[in-house]
1. For the stretch B:57-65, does any single residue satisfy the condition of being of a type in the set (Asp, Glu), more than 20 Å from B:Thr30 (Cβ to Cβ) and modelled with pLDDT of 95 or more?
2. Looking only at the stretch A:88-114, count every residue that is of a type in the set (A, V, I, L, M) and closer than 11 Å to A:Arg13 by Cβ and tell me the total.
3. Find the residue count for the stretch B:38-65, including only residues that are more than 9 Å from chain A (Cβ to nearest Cβ) and either more than 22 Å from B:Gly16 (Cβ to Cβ) or in contact with a helix residue (DSSP H, G or I) (Cβ under 8 Å, 6 or more places away or on another chain) (or both).
4. For the stretch A:82-103, which positions are surrounded by fewer than 20 Cβ atoms within 10 Å (Cβ to Cβ), within 14 Å of chain B (Cβ to nearest Cβ) and at negative phi?
5. What strands (runs of 3 or more DSSP E), lying completely within the stretch A:36-81, carry at least 1 residues that are surrounded by fewer than 17 Cβ atoms within 10 Å (Cβ to Cβ)?
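The values are calculated or read from the model by the stated rules, or taken from the named source; none is laboratory data. For clarity, every value in this text was computed on a predicted model and none was experimentally measured. As a convention, Cβ positions derive from the backbone with ideal geometry for all residues, glycine included, and neighbour counts pool all protein chains shown.
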Amino acid sequence: DGGITQSPKYLFRKEGQNVTLSCEQNLNHDAMYWYRQDPGQGLRLIYYSQIVNDFQKGDIAEGYSVSREKKESFPLTVTSAQKNPTAFYLCASTWGGDNNQPQHFGDGTRLSIL
Amino acid sequence: AQSVTQPDIHITVSEGASLELRCNYSYGATPYLFWYVQSPGQGLQLLLKYFSGDTLVQGIKGFEAEFKRSQSSFNLRKPSVHWSDAAEYFCAVGARGSARQLTFGSGTQLTVLP
């Protein structure tokens, strides 16, 4: 079945450490997104990518970095510059262009600080 | 820029009762509108979407929503709630155009009493 796979499901970060969250999709979608979810705040956009080798900052990009070397993959790195990384991270994807297709979501990665 | 307001943080209903979750949006033109549902520790599942045409849209699991342009609202309804409907519900608005970014409301937590 086609879908979006996020790994790991749980991740722990030490002080000063960078960690990378994986997002892979086999839906042949062009666009991919990373969101951060905190209790009571809904989802906030971190980064998004509409095509391979191109990505744009969302509303809360500081302390995060991404790459899009393959259509299927959009990894997110939470750097040591992100002082409050504890959150639930969701990856999504959809078709490119202005069409009526919704975003599909993975099952998320929960990141905590040790 | 678009915005979404879900005025009710938490709603409690009895099983078998009707349900209405409120969503108000701000956007300069006719937006794309979505309702998603999230179970604890999971990703988001699409319930329904509105792009154009008939303002009453049907979704999965017996849900429906009505787009009211004059009120800038897109309220979610279900005639008879089941215990399995207990979850968090998110309304989202998308701007038309190639970027396909979504802005999410802060969510409404639904509790269903037996």
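1. no
2. Counting residues in the stretch A:88-114 that are of a type in the set (A, V, I, L, M) and closer than 11 Å to A:Arg13 by Cβ gives 3.
3. Qualifying residue count for the region: 10.
4. Once the filter is applied, which keeps residues that are surrounded by fewer than 20 Cβ atoms within 10 Å (Cβ to Cβ), within 14 Å of chain B (Cβ to nearest Cβ) and at negative phi, the stretch A:82-103 yields A:Phe88, A:Trp95, A:Gly96, A:Asp98, A:Asn99, A:Asn100, A:Gln101.
5. Passing ranges, in order: A:43-51, A:54-57, A:76-78.
Every residue, every condition in (1) under 16 Å from the mean Cα position of the chain (by Cα); (2) modelled with pLDDT of 95 or more, yes or no:
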position	(1), (2)
A:Thr5	yes, yes
A:Lys14	no, no
A:Glu24	yes, yes
A:Pro39	no, no
A:Leu45	yes, no
